[in-house]
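Asker: Structure in structure tokens, see below.
The values are calculated or read from the model by the stated rules, or taken from the named source; none is laboratory data. None of these values were measured; they are calculated from a predicted model. Backbone-built Cβ (ideal geometry, glycine too); neighbour counts: all protein chains shown.
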Amino acid sequence: MDNSRKAAIKRQIVLFMPPIHAFALKHMPTPQLFYIVSHNPPMLYIVTSPVSRQYDAMWEVEWALSECRIEKTKFRGLFLVETGEDALKKIGTYPTQAVDRVFPIHRMVKSDLALIENAALEIAVERIVPEEAFAVRCRNRHSSLDSQEVERTLGATIVKTIGCRVNLKSPDKVVRVEILGGRTGVSVLGSGDVLKKVVVY
């Protein structure tokens, strides 16, 4: 990467960072917040943090992962990470203070109920067996979709197709739907697929 590109990246980051990070930036290597170089197929993750600690969390993820692209969203306390590395393992073993949760997104689609349903079914067929119980959890941010309708529609389709049962209290798998305005992330997660860390204030 040439010096002009590095300088442009630094200017972009300084615009978003609080003063403490703008100052610290002068003493750190150029972060990789806006590009990714990886030899493995990239995986998308959602990372959450306290609103007041979002930029700290972004730096911690950048330090934990050697190759990544971090996307700041319009939803405070939530950002996306694209990496070819095992983010759950790398971030899980890295000493963080601002990262709250990390979990993978298996498909990202337009926020349309039919597209969400199709994506959830495709993933569920691969990741849920008939003997397992599941639940659908939908988190809606800035969308006209109805969360309960999304949950009912996806649940009925998966039961009909796979033949598994619904268990809202203690599911083996969770079909997680994260509506982020005009786009939606869909995942089917087991107990070990969500990283929960302790936030230090």
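Asker: Take segment 125-152 and flag every residue that is touching a strand residue (DSSP E or B) at 6+ places or on another chain (Cβ under 7 Å) and either exposed (fewer than 11 other Cβ atoms within 10 Å of the Cβ) or closer than 16 Å to residue 169 by Cα (or both).
Answerer: 132, 133, 134, 135, 136, 137, 138, 151
Asker: Among the residues in segment 104-112, are any surrounded by fewer than 19 Cβ atoms within 10 Å (Cβ to Cβ), modelled with pLDDT of 95 or more and more than 30 Å from residue 53 (Cα to Cα)?
Answerer: Yes: one or more hits.
Asker: I need the full set of residues from segment 41-61 which are part of a helix (DSSP H, G or I) and either surrounded by fewer than 18 Cβ atoms within 10 Å (Cβ to Cβ) or hydroxyl-bearing (Ser, Thr, Tyr) (or both), in order please. First the steps, then the outcome.
Answerer: Within segment 41-61, the subset part of a helix (DSSP H, G or I) is 51-61.
Selection gives 51, 52, 55.
Asker: Follow-up question, since we're still on this one. For residues that are surrounded by fewer than 21 Cβ atoms within 10 Å (Cβ to Cβ), assigned to a strand (DSSP E or B) and in contact (Cβ under 8 Å) with a residue 40 or more places away in the chain, tally how many sit in segment 161-177.
Answerer: Total meeting the criteria: 1.
Asker: Does residue 199 qualify as being under 25 Å from residue 65 (Cα atoms), hydrophobic (A, V, I, L, M, F, W, C) and not in a strand (DSSP E or B)? Steps first, please.
Answerer: Details: under 25 Å from residue 65 (Cα atoms): yes; hydrophobic (A, V, I, L, M, F, W, C): yes; not in a strand (DSSP E or B): yes.
It is true that residue 199 is under 25 Å from residue 65 (Cα atoms), hydrophobic (A, V, I, L, M, F, W, C) and not in a strand (DSSP E or B).
Asker: For the subset of segment 87-108 comprising residues that are among the charged types (D, E, K, R) and outside any helix (DSSP H, G or I), which member is farthest from residue 56 (Cα to Cα)? Outline the logic, then answer.
Answerer: From segment 87-108, those among the charged types (D, E, K, R) are 89-90, 100-101, 107; that's our starting set.
Among the residues that remain, those that are also outside any helix (DSSP H, G or I) are: 100-101, 107.
Numbers: 100: 11, 101: 14, 107: 27 Å.
Here the answer is 107.
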